[in-house]
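Report on the structure given below.
The values are calculated or read from the model by the stated rules, or taken from the named source; none is laboratory data. Just so it is clear, the structure is predicted and the values come from calculations on it, not from any experiment. Heads up, the Cβs are rebuilt from the backbone with ideal geometry, glycines too, and the neighbour counts pull from every protein chain shown.
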């Protein structure tokens, strides 16, 4: 196998004919495979289904004098604050334990900034003379970008490096007083799977943005989600920001959606006391209290950080072979042909593939024709606009291994066709 | 016992001395009693705690091909839509089953109206030349009013009658194009416990407001919450509005917070397909999907409407003696003295007491001094402003009977002192 760029026009045409024949054969199979989202597999869900049986008696529901079955306790059940404090490495009183969705907590922060301003704001962002802007490392998480679009916040992209966001660029951008926030997925970033380096984290915590109400949206979605190797410890971003003199600059988010049941887990936000007190005024208008029974069920099931990490090792046993399969197939089928580059993550839920420029959309269109659903091309960029039309997010977690293998076969063939078409069109 | 208004000044002074002595004796007991909110009692929570044990096996989680343990299904689990459709008397496809809080769904509707407009809106309410207004039957529910205050919507009050809101006044107000909505608690209204008459419901459904995006916020919080007598059937407001030619005028809300566990139940909204499709665009930005495990647990536990009504009979057994106690004590202690009037509800969670004008605040101040917490005076009016300083919401559900009796003794003494002070000051 030679890199496609080294092939003659004739060789490219022959290769296209060969691959198209394979593609037609696959289409005839009428596959129906899903690699679109970071969803745990049925095997993972079965593995954690004992959580259904840890809370069975009324007397268990009363913990430290609080009846988890009744209204009250807007910040969450104290035992749940303690559990998540340990996992995140922050003080329990900094933890606000809410419903099932960390995304909705992130939305709420940006929406509050727009409508009312945040604790450090002089006025609501909506009343600024220009649109507020958020820094978005790319490739990134489409749902983060959708929140900005829905709330009319402008997205400014910054490239990811193997150590995290390009910090020189970030430090320039924050001189703009209309830059009011930044999305970060510091551990196993979505989609690259990059762990921000210690230096990157320290530079982020020590930023001195022109806007004093600038917020780091610290989405620690994959904080315990290694599938390869040992647990990678991380520093408490709340402490770092406080030590750097800006205790109110950061909101940290996490959830158990990929520890227990997606959508039926528990989401948390960690922030300074000033930030939490300020937000509770608004949150208390929207809701009376969250599902503390589900919070309690999670504490009973997950117990503590050590026990949670043991459980994550068992998730890893299911996830690892899938990632190995994806990486091995890419290595065999795509690397020698020089058609794409990718990170080799050790945690998180994705493999981020940078295909030959101008071929991502076409690749995924072909995948769809062959019955393989992938995250849409462009989704990893704000406004769905990948300027190089190159990045593709592969989500290997949901399908069983046999289906994943079939889906990857389709994906590689589609990458090849799209590249060949592109090279022949030049 | 004679009505206080018929007493001479001397008799009033003697009476005040007698009652004040009783008050001092009660204060010495240092009570700590709570009649502030509509919270179910521990006995009710124990009664429904079998819900903890209905969903125990992974295979139960897969219903009609949907795995309730994974992401997806933003409108809710189909079996939950079916269950709530039966309870509310509307089509399952009109039901959107969400998280634990109907309040947050109501907030979301008003917030969406302000920020983006609703399905029938020409523009966001925020961009109107005047503030939008909502009609608020009074006395009403403080949390409804708080939503308006938080979102900068003006509250216009309309008096309640024994048949529901004063419809003549409502039909006048809706001629104003800036009137964009109305709160309704159609069954066992909060706090009066009034059931809107069939005529009132029909007049509401047949309204032709000047604003075509006017919304009826139909909070059917107590739809199956009889504590006395048989189930009171109600018509499907969605059907009535559709038949009246305004299918998009109504959003109906309900939850299981006072059927199973408050805060750990399931909340639903019923609306037209146009309304639901429109809203899902926004909701899909905020969250991936709701806790379908909790939805499923509720369906397994509550089964269907008939079974739910049986359960509500058992709640009624616990609630009824408490309401009888409150009404009996008021009848004995307050009626002969002519100090207040009240409804005699057959369902819901409150007794609404209209004390002598100008005495509600003072009464509750005295209650607080004696260790009895009640809903703050004025809370049942927008902006906390009861123009007559008269309405007091009594919430008898939480305390056990013995505590309730003690609390009512305090309450009656405080009503008497406040009335005596008032009469003597004239």
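The condition of being facing chain A (nearest Cβ under 10 Å) and assigned to a helix (DSSP H, G or I) holds for only one of B:17, B:108, that being B:108. Would you check if residue B:330 is within 12 Å of chain A (Cβ to nearest Cβ), assigned to a helix (DSSP H, G or I), crowded, with 21+ Cβ neighbours inside 10 Å and in contact with a strand residue (DSSP E or B) (Cβ under 8 Å, 6 or more places away or on another chain)? Against the criterion (within 12 Å of chain A (Cβ to nearest Cβ), assigned to a helix (DSSP H, G or I), crowded, with 21+ Cβ neighbours inside 10 Å and in contact with a strand residue (DSSP E or B) (Cβ under 8 Å, 6 or more places away or on another chain)), residue B:330 does not qualify.
Taking (1) out of contact with any helix residue (DSSP H, G or I) (no Cβ under 7 Å at 6 or more places or on another chain); (2) crowded, with 17+ Cβ neighbours inside 10 Å; (3) over 26 Å from residue B:318 (Cβ atoms); (4) more than 9 Å from chain A (Cβ to nearest Cβ) in turn, residue B:26 satisfies each apart from (1). Quick check on residue A:216: is it modelled with pLDDT of 95 or more, within 14 Å of chain B (Cβ to nearest Cβ) and touching a helix residue (DSSP H, G or I) at 6+ places or on another chain (Cβ under 8 Å)? The answer is no for residue A:216. I'd like to know if the range A:47-60 contains one or more residues that are part of a loop (DSSP other than H, G, I, E, B), within 26 Å of residue B:102 (Cα to Cα) and modelled with pLDDT under 95. No, that holds for no residue. For the range A:167-195, a residue qualifies if it is surrounded by fewer than 18 Cβ atoms within 10 Å (Cβ to Cβ) and either within 14 Å of another protein chain (Cβ to nearest Cβ) or free of Cβ contacts under 8 Å to residues at least 12 places away in the same chain (or both), and the qualifying residues are A:168, A:169, A:172. State which residue is farthest from the other protein chains (Cβ to nearest Cβ) when the search covers only the range A:275-316 and only residues that are surrounded by fewer than 17 Cβ atoms within 10 Å (Cβ to Cβ) and closer than 28 Å to residue B:36 by Cβ. Filtering the range A:275-316 for residues that are surrounded by fewer than 17 Cβ atoms within 10 Å (Cβ to Cβ) and closer than 28 Å to residue B:36 by Cβ, the one farthest from the other protein chains (Cβ to nearest Cβ) comes out as A:277. Filtered by the rule that a residue be away from every other protein chain (no Cβ under 14 Å) and either crowded, with 24+ Cβ neighbours inside 10 Å or within 15 Å of the chain's Cα centre (by Cα) (or both), the range A:251-274 gives A:251, A:252, A:254, A:268, A:269, A:270, A:271. Taken as a whole, the range B:134-144 holds no residue that is away from chain A (no Cβ under 11 Å), surrounded by 20 or more Cβ atoms within 10 Å (Cβ to Cβ) and in a helix (DSSP H, G or I). Restricting attention to the range B:29-77, the residues that are more than 11 Å from chain A (Cβ to nearest Cβ) and free of Cβ contacts under 8 Å to residues at least 12 places away in the same chain total 1. Being within 12 Å of another protein chain (Cβ to nearest Cβ) and free of Cβ contacts under 8 Å to residues at least 12 places away in the same chain is the filter; apply it to the range A:111-133 and report the residue that is nearest to residue A:374 (Cα to Cα). Applying the filter and picking the extreme gives A:115.
Any residue at all in the range A:222-242 that is within 14 Å of chain B (Cβ to nearest Cβ), outside any loop (DSSP other than H, G, I, E, B) and either at pLDDT below 95 or surrounded by 24 or more Cβ atoms within 10 Å (Cβ to Cβ) (or both)? No: the range A:222-242 contains no residue that is within 14 Å of chain B (Cβ to nearest Cβ), outside any loop (DSSP other than H, G, I, E, B) and either at pLDDT below 95 or surrounded by 24 or more Cβ atoms within 10 Å (Cβ to Cβ) (or both).
Of all residues in the range A:360-384, those being touching a strand residue (DSSP E or B) at 6+ places or on another chain (Cβ under 9 Å), closer than 19 Å to residue A:146 by Cα and surrounded by fewer than 17 Cβ atoms within 10 Å (Cβ to Cβ) number 1.
Here's a check for you: in the range B:145-155, which residue that is buried (at least 19 other Cβ atoms within 10 Å of the Cβ) and touching a strand residue (DSSP E or B) at 6+ places or on another chain (Cβ under 7 Å) is farthest from residue B:377 (Cα to Cα)? If we take residues in the range B:145-155 being buried (at least 19 other Cβ atoms within 10 Å of the Cβ) and touching a strand residue (DSSP E or B) at 6+ places or on another chain (Cβ under 7 Å), then B:153 is farthest from residue B:377 (Cα to Cα).
Here is a yes/no grid of residues against (1) in contact (Cβ under 8 Å) with a residue 60 or more places away in the chain; (2) within 18 Å of the chain's Cα centre (by Cα); (3) assigned to a helix (DSSP H, G or I):
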position: A:290; (1), (2), (3): yes, no, no
position: A:314; (1), (2), (3): yes, no, yes
position: A:318; (1), (2), (3): yes, no, yes
position: A:324; (1), (2), (3): no, no, yes
position: A:341; (1), (2), (3): no, no, no
position: A:379; (1), (2), (3): yes, yes, no
position: A:389; (1), (2), (3): no, no, no
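Considered as a group, the residues in the range A:396-412 that are surrounded by fewer than 22 Cβ atoms within 10 Å (Cβ to Cβ) and touching a residue at least 24 places away in the same chain (Cβ under 8 Å) include one that is farthest from residue A:42 (Cα to Cα), and that residue is A:412. Quick check on the range B:31-39. Is at least one of its residues touching a helix residue (DSSP H, G or I) at 6+ places or on another chain (Cβ under 6 Å) and assigned to a helix (DSSP H, G or I)? For the range B:31-39, residues touching a helix residue (DSSP H, G or I) at 6+ places or on another chain (Cβ under 6 Å) and assigned to a helix (DSSP H, G or I): absent. Among the residues making up the range A:78-104, those that are surrounded by 24 or more Cβ atoms within 10 Å (Cβ to Cβ), in a helix (DSSP H, G or I) and within 14 Å of chain B (Cβ to nearest Cβ) are A:80, A:102.
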